[in-house]
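Below is one structure, written out as structure tokens; comments come after it.
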Amino acid sequence: MSSAQRLLQLPARQLIGLAIAIAASVALISGAWMWSQTPDYRVLYSNLADKDGGTIVQALNQMNVPYKFSDGGGAILVPSNVVYDTRLKLASQGLPKGGTAGFELMDQQKFGATQFQEQVNYQRGLEGELAKTIQSVASVQSARVHLAIPKSSVFLRDQQKPSASVLVNLYPGKTLDRGQVNGILHLVSSSVPELAAKNVSIVDQNGNLLTAQAGTDGGLDPGQLAYLQELEQTYTHRVIAILEPITGSENLRAQVTADVDFSQTEQTAEIYKPNATPADSAIRSQQTSEGTTTSSTGAAAPGGIPGAASNLPAAPAAANGATPAAAPGGSTNQNNATHKETTVNYEVDKTVQLKRSPVGALKRLSVAIVVNQHKVSDGKGKTTFEPLDKAQLDQITSLAREAVGFSQERGDTLNVVNAAFNQAEIEAPTEVPIWKDPDNISFAKDAGKNVLLGLLVLYLVFGILKPALKKLLAEPIERPELVELADETDTVLSPALPVADNLEVVKQIARDDPRVVANVVKGWVKSNG
């Protein structure tokens, strides 16, 4: 009889038990496989507004990306292998939008809103837009802007200037330099009409007032500070570059401090030299005048014929130089003299000097150099340090002077010190054992999952299913008691007799010899157990 036939001849109870065992094995193997394939979840976004969280969850469902929540719903987790891809896809949809509302509040304006409500929504929208813009700065995680815009008045004396306050929440380990603070300061002041920069206050999450650091306090601005640092680094690199070939890179330390004058001054001077001789002076202008002077003496008393003729001036001299006749009624005595005047103006010897000092002029240099002592080995593995001699120190000092352009008139200082460096012994990096290597640990976890799954499958197949099937499908075993019963009954039972007659024969045997029947039943019980 084949195995399939024997399987079909099994009792219903045994078939049901076999089916349940096979189903449980399949479920156990499937669960183990799913457990081995469970992805590692990482944070996609945290500290989201409720509106943004709902929108992101809806987008994840549309993209068929599995997710779960942690930290009481404050963070959304997705499989680690799709974190960055999911962020890029959500960013293309403009998510997350952030909890700060901007001018989109004006799009939600309801019909019948009062002028006060419109003004409040406009101010809220302006605050939100400024906060979003400030959050674009790399060091700023979030920002809030509060504007105090007074109500306009028709009276000039009652007008008040607006003011603003900005709270910035910086990323851990990040700071805002003076230039960034000034940028935020002028950004806010330029976005609100009549808002002066001095009326804007910027505070970080720790309560530090940042606008005080950006004010005019007599310090250096970022540009001047950067120039000073670059100048000092340039001189330091010059010293190191020229001395390292002599001392070695590990045996030299140098530092240069520069005193730079960033003030801008302008001076104008006019210098006049003493008067020079006319022959050495330049003529600026020259004017000459020449003419004749006429004088009259002994003039007669007025007389003559009354009328217009006596009131007219004297007639001009005749062409031949004769004196014209006197007017009737009087006589005149005239004297003529010739004169010449010359006026010469000389240039003034004047010098005008305009001196304008350059911004960032170097006033003084201070150079400090430390040179390690010479290392000497005795050939037995012992090392000692010996100071450099005077000639070597003089050589180092001379080279350093030339490298920085040392000037005694400027007041520069140079100090070279020879001392033994206190250098700690460099320990070799500790090798991480194989069993502590993170990569090996991750690989071992994955391999362990797969090996455990394989062992479980082998145990279920060869340890449970195969023995059960083998036992169920095994050939029936001949039992002595059944053979004895058959031998005893064969002599009296006949196939030709009806079943009822044979049954009566068996009953008679049971009554006559109960031992045989007991042995048969006992064998059945053992075989089923």
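The values are calculated or read from the model by the stated rules, or taken from the named source; none is laboratory data. Keep in mind that what you see is a predicted model, and the values were worked out from it rather than measured. Backbone-built Cβ (ideal geometry, glycine too); neighbour counts: all protein chains shown. Accessible surface areas use protein heavy atoms only, side chains included; no ligands, DNA or RNA. Shrake-Rupley method; radii C 1.70, N 1.55, O 1.52, S 1.80 Å.
Observations on the structure shown:
- For region 160-202, the set of residues classified as part of a strand (DSSP E or B) and surrounded by fewer than 15 Cβ atoms within 10 Å (Cβ to Cβ) consists of Asn169 only.
- Each residue in region 113-150 was checked for being closer than 20 Å to Lys198 by Cα and among the basic types (Lys, Arg), and 1 pass.
- Whenever a residue of region 440-456 is under 15 Å from Gly31 (Cβ atoms), its partners that are among the aromatic types (Phe, Trp, Tyr), lying with C-beta atoms within less than 7 angstrom and at least six residues away or across chains, give the pairs Leu453/Trp33.
- Tally, over region 360-385, of residues that are in contact with an Asp or Glu (Cβ under 8 Å, 6 or more places away or on another chain) and touching a residue at least 60 places away in the same chain (Cβ under 8 Å): 9
- Residue pairs meeting the criteria (Cβ under 8 Å; at least 6 apart or on separate chains; first over 19 Å from Ala368 (Cβ atoms), in region 225-237; second at pLDDT below 90): Tyr227/Val260; Tyr227/Gly360
- From the list Ala113, Ala138, Ala148, Ala164, the lone residue that is within 19 Å of the chain's Cα centre (by Cα) and either at pLDDT below 85 or among the small types (Gly, Ala, Ser) (or both) is Ala138.
- Subset of region 254-268 (residues that are touching a strand residue (DSSP E or B) at 6+ places or on another chain (Cβ under 6 Å) and surrounded by fewer than 16 Cβ atoms within 10 Å (Cβ to Cβ)): Gln255, Thr257, Asp259, Asp261, Glu266, Gln267, Thr268
- Matching residues, region 247-261, being modelled with pLDDT under 90 and either more than 18 Å from Gly411 (Cβ to Cβ) or among the hydroxyl-bearing types (Ser, Thr, Tyr) (or both): Thr247, Gly248, Ser249, Glu250, Asn251
- Residues in region 28-52 that are of a type in the set (Phe, Trp, Tyr) and either in contact with an Asp or Glu (Cβ under 9 Å, 6 or more places away or on another chain) or at pLDDT below 75 (or both): Trp33, Trp35, Tyr45.
- Scanning region 203-213 for residues that are open to solvent by 40 Å² or more (accessible area, probe 1.4 Å), in contact with a Leu (Cβ under 7 Å, 6 or more places away or on another chain) and not in a loop (DSSP other than H, G, I, E, B) turns up just one, Val203.
- Number of the exception - Ala101 against (1) closer than 23 Å to Ile134 by Cα; (2) open to solvent by less than 70 Å² (accessible area, probe 1.4 Å); (3) modelled with pLDDT of 70 or more: (3)
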